[in-house]
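The values are calculated or read from the model by the stated rules, or taken from the named source; none is laboratory data. In this text the structure is predicted, and so the values were computed from the model without any measurement. Backbone-built Cβ (ideal geometry, glycine too); neighbour counts: all protein chains shown.
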Amino acid sequence: MPGGIWLLALFLLWSTASLASHSRAFPRPTELEPDVRFWTRVYTEIDTRHGFIHDSRRLDVVYETIELKPNLSPRGRSKQVKRVKERYKKILLKLASGQRRNLSAEERRVLSLWPEGVSKRELRAAARRLRFQLGQSDKFEAGLIRSGAWEPYIRETLARMELPEELAALPHVESSYNPKAHSHVGAAGLWQFTRPTGRRFMRVDHVVDQRMDPHEATVAAARLLKHNYDVTGSWPLAITAYNHGAAGMRRAARELGTRDIDVIVRRYKSRSFGFASRNFYVAFLAALDVAQHADDYFGPLEREAPAQQEVVEVPTFMRVETLAEALRTDEATLREHNPALQRSVWSGAKYVPRGYPLRIPRDEGRGFVEALLAAVPSAERFPTQKRDLFHRVGRGDTLSGIATRYATSVGELMGLNGLRSRNRIRVGQVLRLPVREGGTMAVAMATEPSTEAPPADGLYTVERGDTLSIIARRFGVEEHALLSANGLSSPHRIYAGQTLRLEAPETDAEIGAAAPSVAGITSPVLEAAPQPPSPPPSEAADSEAQEEAESLDSSVSEPVQPELTADPSDYTVAEDGSIEVQAAETLGHYADWLEIRTQQLRRLNGMAYGQPVMIGRRLQLDFSKIRPKAFEQQRLEYHRALQEDFFQRFQIAGTCRHVVRPGDSLWTLSRQTYAVPVWLLRQYNPDLDFAAVPPGKAIEVPLLQRRDADAEARQAGAETGPSTC
């Protein structure tokens, strides 16, 4: 056979194998094809001036395409949509009554959209499932054009991390490939990371927000998707977990006994598994198909070209104007190419951080950029970052009033403190303030929040956002004294609603009585156990109220539980009133959240005094005083605060595999070998029984790195640091 034919045959063989492999990775079950076709229509047929009135479960039933009246407010748009939905609701209820004669032409048309012999029960349910979906064709087309700037880098990153190239279609669903996109739940950037999830893999603070840098965010998204795949076992579940959370998808698979996405989409019932979660994977498949055949849908498109940039590492802390002058450019250009730098940098309240990878347009006439920065005078180089200044919110304070007092703006205060709303500050909250050159801030500003007298009973109830260091500064006590007074082994294990003693008790007996909420880990047994299958969560079936709330959403990209999306642990209460014990939890925590004594829990579970709870085992709880949902909320709040505090100081730089050796234990691997918290190690190995890991078994280890030098200084003596396998 001639060489050319051999090459063609080999190419066709490779293509067939590749397509088959991708088909296996991203299956398109026949049962879900109507859903995929629906989203294909949304992405290609109607723009953001139009929308479908459709059935939220049977996406092949589209009643009407409506044109939204121009210049309508959101409230006016909602009223227009509601009027149309009410009309179809009346028709469906009439048909559900069994009437089939003397129907109007419109009523016959609606009936014809349903299969022959549709039941009255189904039509009655359909009257409650009316939904509006805004068109996306103009946004999708704009996203295809923008994708030219970023898709090559995304594909290169996916290939480097050995992930399927099809994942490059996900930004079409998340942001329409818009690096500046923001959502109403606080997700940001090309990949729509929320702050808590973003902090696992990137720097997200008041100086640098790498969610807005498509390069950094792409690497982070690849790591998150790989993590999702590792803990869920399939790409359909991993992609859905990007929206719904890994814990939710693991629960769905356990409850139904399958990882088949079509079964889960059609049969899984959970209050949080609403329209957006059910449709995230099929929307991804539609976006993938449209992106791969864009010319067929939109005709030839001229896509943006990737920016020609060069990167220089900032050698020390510097003003942004100094960098612009040294690199022979201007601040506007630097801002355009470095979207991760926050308002505090551009306003002069903070320096560009040391080591920051600054991007500038490639310019052959500029010269060697490192040499240009080396020529910056020493007077323009700073060894440390500008210090943060603070204000403690008092009664009657408003964000606008605080901004006026300190000669700043509401927007700057919101950016510095990661606030979503100008109306959500609370008494006692500590706000970070901008620092001006030459000390131009108002005289009333202090470098630390002023202290206040402890409560008369010496007890303080932890509020959301509190850390032990904030509480110590607030009441003028030493952090180690708080640890000692409350029997805490770590400053990072406090939770909202917990009662802390501000002064040490006088006797050992008093310590025992006052410390039901001890959060320390006292033995390897506490942190060595598997994650067994758990019963279905105590969640009601999909609520129609949620469907209604989602009915005006323009996409399916909003995460359901943004704070713990990357955490696969199960924090729910089962229908039998039991829970699965998670890392960093004790009987004291449960008793505190349930407002009972630990002895009641020991009696209920047949546990001897001093017998520890073991991670992964099931424990029966007493809900005589607190409802399960209230318990779940406190439990989630605790873990949310624990993880948020940790990821403010450390980020996941990658993973490696450790092969267990004789003598290894969870305790030694966590505390000594890798210095990784047990709760994080378990998140990467949720199905592994660490209590009995045989030698030769491979486990996944997250590699941590400290953030900036300031964070390292603040966290002297922290329990974790960079590690390698």
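Some points to look at:
- Filter result for Leu500 (modelled with pLDDT of 75 or more, surrounded by 13 or more Cβ atoms within 10 Å (Cβ to Cβ), over 27 Å from Arg649 (Cα atoms) and not assigned by TED's automatic domain parsing to the domain that holds Ser400): no
- Segment 189-207 - residue that is within 10 Å of the chain's Cα centre (by Cα) and free of Cβ contacts under 8 Å to residues at least 40 places away in the same chain and, of those, farthest from Asn279 (Cα to Cα): Gly198
- Scanning segment 170-219 for residues that are of a type in the set (Asp, Glu) and either crowded, with 24+ Cβ neighbours inside 10 Å or part of a loop (DSSP other than H, G, I, E, B) (or both) turns up Glu174, Asp205, Asp209, Asp213.
- Flag if Val352 is farther than 30 Å from Ser409 by Cβ, at pLDDT 95 or above, within 29 Å of the chain's Cα centre (by Cα) and surrounded by 14 or more Cβ atoms within 10 Å (Cβ to Cβ): no
- Where Leu373 falls short, out of the listed (1) within 27 Å of Lys180 (Cβ to Cβ); (2) touching a residue at least 60 places away in the same chain (Cβ under 8 Å); (3) in a helix (DSSP H, G or I): (1)
- Whichever residue in segment 599-623 is among the basic types (Lys, Arg) and not in a loop (DSSP other than H, G, I, E, B) and, among such residues, is nearest to Thr572 (Cα to Cα): Arg618
- Test: Arg319 is modelled with pLDDT of 95 or more, basic (Lys, Arg) and closer than 30 Å to Arg432 by Cα: yes
- For segment 652-692, residues that are under 24 Å from the mean Cα position of the chain (by Cα), assigned to a helix (DSSP H, G or I) and over 19 Å from Leu225 (Cα atoms) total 2.
- Only residues that are without any contact (Cβ under 8 Å) to a residue 24 or more places away in the chain and either over 30 Å from Arg24 (Cβ atoms) or not assigned by TED's automatic domain parsing to the domain that holds Tyr281 (or both) were counted in segment 161-183, giving 2.
- Considering segment 384-425, the residues that are of a type in the set (D, E, K, R) and under 26 Å from the mean Cα position of the chain (by Cα) include one that is farthest from Val208 (Cα to Cα), namely Arg424.
- Residue match in segment 273-280 (condition: part of a helix (DSSP H, G or I), within 21 Å of the chain's Cα centre (by Cα), more than 23 Å from Trp39 (Cα to Cα) and hydrophobic (A, V, I, L, M, F, W, C)): no
- Residue check, Ala222 on the phi < 0 side of the Ramachandran plot, surrounded by 22 or more Cβ atoms within 10 Å (Cβ to Cβ), not aromatic (Phe, Trp, Tyr) and not in a loop (DSSP other than H, G, I, E, B): no
- Here Leu158 qualifies as in the same structural domain as Met212 (by TED's automatic domain parsing) and buried (at least 20 other Cβ atoms within 10 Å of the Cβ).
- Residue satisfying all of: in segment 289-337; of a type in the set (Phe, Trp, Tyr) and in a helix (DSSP H, G or I); surrounded by the fewest Cβ atoms within 10 Å (Cβ to Cβ) among these: Phe298
- Considering residues of segment 39-68 that are of a type outside the set (D, E, K, R) and in contact with an Asp or Glu (Cβ under 7 Å, 6 or more places away or on another chain) only, the residue surrounded by the fewest Cβ atoms within 10 Å (Cβ to Cβ): Thr48
- The residues listed here are Gln192, Gln210; of these, the one that is on the phi > 0 side of the Ramachandran plot, among the polar types (S, T, N, Q) and either out of contact with any Pro (no Cβ under 6 Å at 6 or more places or on another chain) or modelled with pLDDT under 95 (or both) is Gln192.
- Segment 382-408: number of residues that are modelled with pLDDT of 90 or more, over 19 Å from Asn423 (Cβ atoms) and part of a loop (DSSP other than H, G, I, E, B): 4
- Some residue of segment 341-348 being outside the structural domain of Arg223 (by TED's automatic domain parsing), more than 25 Å from the chain's Cα centre (by Cα), in a loop (DSSP other than H, G, I, E, B) and not β-branched (Val, Ile, Thr): yes
- Taking segment 51-165 and the helices (runs of 4 or more DSSP H) fully enclosed by it, the elements with 3 or more residues that are more than 39 Å from the chain's Cα centre (by Cα) and either aromatic (Phe, Trp, Tyr) or on the phi < 0 side of the Ramachandran plot (or both) are at 74-96, 105-112.
- Residue within segment 632-651 that is of a type in the set (D, E, K, R), modelled with pLDDT of 90 or more, farther than 16 Å from Ala583 by Cα and in a helix (DSSP H, G or I) present: no
- Among (1) touching a Gly at 6+ places or on another chain (Cβ under 9 Å); (2) farther than 24 Å from Asp567 by Cβ, the one test that Tyr297 misses: (1)
- Residue within segment 631-646 that is surrounded by 16 or more Cβ atoms within 10 Å (Cβ to Cβ) and more than 30 Å from His206 (Cβ to Cβ) present: yes
- Among the candidates Phe298, Phe275, Phe280, residue that is touching a residue at least 24 places away in the same chain (Cβ under 8 Å) and in contact with a His (Cβ under 9 Å, 6 or more places away or on another chain): Phe280
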